[in-house]
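So the structure is just underneath, and the comments pick up after that.
Laboratory data are not the source of any read-out in this text; all were calculated from the coordinates shown. This one's a predicted model, so the numbers in the text were calculated from it and none came from an experiment. Here the Cβ positions follow ideal geometry from the backbone for every residue, glycine too, while neighbour counts run over all protein chains shown.
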Amino acid sequence: MTNFVSKMFSEKADQSADKTLAFAFMAAAGASAQAYFTGALQSTTPEVRALLSGFATQKAIEHEGINGYLMQKGYINPYDDSMHQLTAAEQNAQLVMGRH
């Protein structure tokens, strides 16, 4: 498995894989929370609405936890000024595009 990950993410396999997977998990948690919230809003039965709302809340908490992990690792810095965030995003995009 390590060889596969190393081939996929070049010489910085551990950090790149960790960062990529964390962002993917955060996106998936956000998308599923949105789907559950939409289902809860469109549901006509109170029991189904409560069930879907509970699932949506769990996914929102999961998203928050992954977001905290990304901030702890320094992968995202939401409190930086907007120009610094834009510059960092541009540099990351250029780095990714340079690899492929």
Exercise for review: Give me the number: length gained by fully extending LEU95 to LEU21, i.e. 0.36 nm times residue separation minus the C-alpha to C-alpha distance, one decimal in nm.
Suggested key: 24.9 nm
Point to revise | Label-point separation, MET83 to SER53 (7 Å along Cα→Cβ), nm | key: 4.6 nm
Practice item. Express in % the proportion of alpha carbon pairs of segment 12-99 at distances exceeding 18 Å. Key: 58 percent
